[in-house]
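The block underneath contains the structure these notes are about, expressed in structure tokens.
The values are calculated or read from the model by the stated rules, or taken from the named source; none is laboratory data. Remember, it's a predicted structure, so these values are computed and weren't measured experimentally. Please note: Cβ atoms are built from the backbone with ideal geometry, for glycine as well, and neighbour counts cover all protein chains shown.
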Amino acid sequence: MQSPDLILTNARILTMDDTCPRAEAIALAGEHVLALGTTAEMLALAGAETRVIDAAGRSVLPGFFEGHVHLGLGGAELSHLHLDYLHGTEAVAAAFRAFASTHPDRPLLMAQGADYGMLGHPITRHDLDAMIADRPIAMMSHDHHTVWANTAALEATGLMRGAPTPHGHEVVLDGTGLATGELREFEAFAPIIALGGETRINLGIATGEEPSPAPTPAERAADKAMLLAGMEHCAKHGVTSLVNMDGNRYTLELLSEMQAEGQLPLRVKVPFHFKPQMGLEALERATAMTRDFDSDWLSSGFVKMFMDGVIDSRTAYMLNDYIDEPGHRSEPLFATETFKAIATEIDRRGLQIAVHAIGDGAVRTTIDGIEAAQEANGVRDARHRIEHIELIDRADIARLGALGITASLQPPHPPGAMEFPLEPTLSRIGRARWPDAYLWRTLRAEGGAHIAYSSDWPVTDVSVLRGIHAGVTRAPYEGCTDERLSLMETLHAYTAGGAWAAHRDHVTGTLRPGLAADLVMLGGDIEACGPEVIPDLGIALTICGGRILWEAEA
């Protein structure tokens with residue numbers, strides 16, 4: 001047996017491998033796990049050049065598998081203003097003005113982390129004008145489905161009198177035909193993003209199309225810098241693999257160039273983003289992306305779609321009227337029969353389906369489409385997945401397991417679990433439906449669904465430790481059952497569960513000989529500490545493919 005490059009000793013290793021769930025030490029050689037066992041057994045393998053790290057009783061896990069992030073957006077937003085869920089006009093205005101003073105040359109002052117109730121009333125351009133009127137400013141909602149812009153930004157982008165947008169996207173107008181400042185969904189606020197110079201990195205989620213004209217070498221370098229910044233940020237939080245839930249060929253090309261340059265620190269999976277205005281022939285691009293990018297480090301193989309929006313802006317598609325807007329249920333972005341045809345063709349091509357579905361109407365439409373695909377093409381190990389499932393009709397729960405659908409869920413998302421405020425979400429859902437919202441244990445125990453956890457960064461903090469804390473401490477809403485998974489179930493959903501859901505379980509997600517040397521060492525023993533201190537454990541070491549990406553100072 002070859003000598004290992006690195007050995008971790010005296011660890012509490014949770015392998016997520018049922019055949020050998022625990023170990024005390026692990027040896028890594030090259031890009032793979034060489035062996036696991038006791039400290040004495042692993043030290044016996046050491047050679048003259050082997051580095052030995054004493055874990056001193058700290059937890060070691062497979063590298064966290066982030067099953068739903070937006071890498072380019074996250075990397076770009078690291079340099080934006082972060083409102084940190086401030087509330088009140090004075091606090092938000094002070095943050096904007098301070099940011100403006102330190103960034104005098106930016107064409108757009110963009111803020112992140114706004115919530116729908118932060119000013120105590122519906123936000124308009126006039127609110128933002130009162131903060132800063134002589135420069136374009138805008139703020140993105142925490143869910144990334146709404147932007148509010150001031151008059152200067154709306155005038156600079158030609159949105160003051162509205163703009164044609166695809167179904168489900170809207171420049172909201174007032175009674176005089178002028179923009180209120182609220183821009184709903186990606187193609188409505190795309191011009192604002194363009195004003196900030198981040199159009200190309202947003203194409204994967206906004207349109208699914210390729211940049212035109214072709215980016216210059218300098219533009220490609222700028223976009224790669226944002227992707228690298230995003231990956232380095234993730235690595236500090238113990239993430240070694242991620243599924244980028246937006247994408248196009250350009251994204252894969254940039255990442256491939258980075259790999260050739262030795263600048264791809266994490267394993268990345270990128271979809272083809274299918275939009276409602278596309279025809280079925282567009283799926284040939286998904287097939288080509290899957291064929292041309294298929295390695296342990298960079299892959300495609302799936303198609304991402306949005307079936308609806310979000311609850312707070314009332315763009316989530318519901319089976320029943322919104323409590324605070326009788327007669328309104330929103331609409332699916334894909335009609336039921338249309339989606340069935342699309343899902344059937346995606347499945348026929350051997351590709352995976354991943355659909356953003358938040359409202360119970362959107363979830364049902366998605367399940368119906370996956371069911372139609374299975375009926376047409378037969379059963380295979382497709383691992384189709386639904387992203388979010390914030391509300392589901394009880395009649396649809398068992399259908400997930402029956403159809404082999406993965407529930408891709410985000411522990412930071414339920415209002416009150418982390419930063420998301422309780423309102424207006426809970427009122428929009430309605431007390432009678434709270435028992436059907438944010439079901440984790442029920443989807444697993446009663447629905448038989450595979451569970452994969454993630455953050456949806458930059459919608460929420462990418463910190464997996466904070467996500468674990470949210471998952472194991474979330475309090476049930478009044479009259480609702482406890483939907484938490486156990487600590488071990490939660491850790492599985494952030495590691496092996498995510499890898500399985502992404503068809504990457506043959507590469508990573510568990511620690512066993514021959515699989516990738518992807519692991520994270522925490523700053524303590526996560527099983528021994530109280531849940532309240534999990535976010536403070538910290539990440540001591542992140543290793544991907546045998547390379548140390550992050551090592552905390554001793």
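Quick look at the values:
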read-out	value
Every residue from region 124-183 that is within 14 Å of Gly196 (Cα to Cα) and among the small types (Gly, Ala, Ser)	Ala138, Ala149, Ala152, Ala153, Ala156
All positions within region 481-519 that are among the polar types (S, T, N, Q) and surrounded by fewer than 18 Cβ atoms within 10 Å (Cβ to Cβ)	Thr481, Ser486
Test: residue in region 274-294 that is exposed (fewer than 14 other Cβ atoms within 10 Å of the Cβ), small (Gly, Ala, Ser), part of a helix (DSSP H, G or I) and modelled with pLDDT of 95 or more	yes
Residues located in region 455-483, provided they are outside any helix (DSSP H, G or I) and more than 20 Å from the chain's Cα centre (by Cα)	Ala475, Pro476, Tyr477, Glu478, Gly479, Cys480, Thr481, Asp482, Glu483
Unmet criterion (only one of (1) touching a Pro at 6+ places or on another chain (Cβ under 7 Å); (2) polar (S, T, N, Q); (3) modelled with pLDDT under 95) for Gln2	(1)
Among (1) in a helix (DSSP H, G or I); (2) of a type in the set (Phe, Trp, Tyr); (3) touching a residue at least 60 places away in the same chain (Cβ under 8 Å) - the single one Tyr116 does not satisfy	(1)
Subset of region 449-468 that is in contact (Cβ under 8 Å) with a residue 60 or more places away in the chain and of a type in the set (Gly, Ala, Ser) - its residue that is farthest from Thr406 (Cα to Cα)	Ser463
Those helices (runs of 4 or more DSSP H) lying entirely in region 141-209 with at least 2 residues touching a Phe, Trp or Tyr at 6+ places or on another chain (Cβ under 9 Å) and within 22 Å of Pro107 (Cα to Cα)	186-195, 199-206
One residue from Asp536, Asp525 being modelled with pLDDT of 95 or more and either farther than 27 Å from Val33 by Cα or under 21 Å from the mean Cα position of the chain (by Cα) (or both)	Asp536
Filter pass, Thr481 being of a type in the set (S, T, N, Q) and more than 21 Å from Leu400 (Cα to Cα)	no
Conditions (1) buried (at least 17 other Cβ atoms within 10 Å of the Cβ); (2) farther than 23 Å from His328 by Cα; number of the one not met by Glu478	(1)
Cβ-Cβ under 6 Å pairs, at least 6 apart or on other chains, region 319-334 side at pLDDT below 95, far side of a type outside the set (Lys, Arg)	Ile323/Gly430
Where a residue in region 530-554 is loosely packed, with under 15 Cβ neighbours inside 10 Å and its partner, wherever it lies, is part of a strand (DSSP E or B) and not aliphatic (A, V, I, L, M), with Cβ under 8 Å and at least six apart	Ile548/Thr542; Glu551/Thr542
Boolean, Glu375 is among the acidic types (Asp, Glu) and within 30 Å of Tyr322 (Cα to Cα)	no
Residue within region 193-200 that is touching a residue at least 12 places away in the same chain (Cβ under 8 Å) and either touching a strand residue (DSSP E or B) at 6+ places or on another chain (Cβ under 6 Å) or closer than 30 Å to Val520 by Cα (or both) present	yes
Any chance Glu219 is part of a loop (DSSP other than H, G, I, E, B), acidic (Asp, Glu), surrounded by fewer than 22 Cβ atoms within 10 Å (Cβ to Cβ) and modelled with pLDDT of 95 or more	no
Any chance Arg364 is farther than 15 Å from Phe302 by Cα, assigned by TED's automatic domain parsing to the domain that holds Lys269, in a loop (DSSP other than H, G, I, E, B) and among the charged types (D, E, K, R)	no
Looking only at region 242-269, and only at residues there that are touching a residue at least 60 places away in the same chain (Cβ under 8 Å), in contact with a helix residue (DSSP H, G or I) (Cβ under 7 Å, 6 or more places away or on another chain) and not charged (D, E, K, R), the one that is nearest to Asn202 (Cα to Cα)	Thr251
Pairs, first farther than 11 Å from Leu403 by Cβ in region 362-385, second charged (D, E, K, R), C-beta under 6 Å, six or more apart	Ala362/Asp308; Arg364/Asp396; Asn377/Asp347; Asn377/Arg348
Val379 vs. criteria in a loop (DSSP other than H, G, I, E, B), among the β-branched types (Val, Ile, Thr) and either assigned by TED's automatic domain parsing to the domain that holds His273 or crowded, with 24+ Cβ neighbours inside 10 Å (or both)	yes
Odd one out for Lys304, checked against (1) touching a Ser or Thr at 6+ places or on another chain (Cβ under 6 Å); (2) outside any loop (DSSP other than H, G, I, E, B); (3) not aliphatic (A, V, I, L, M)	(1)
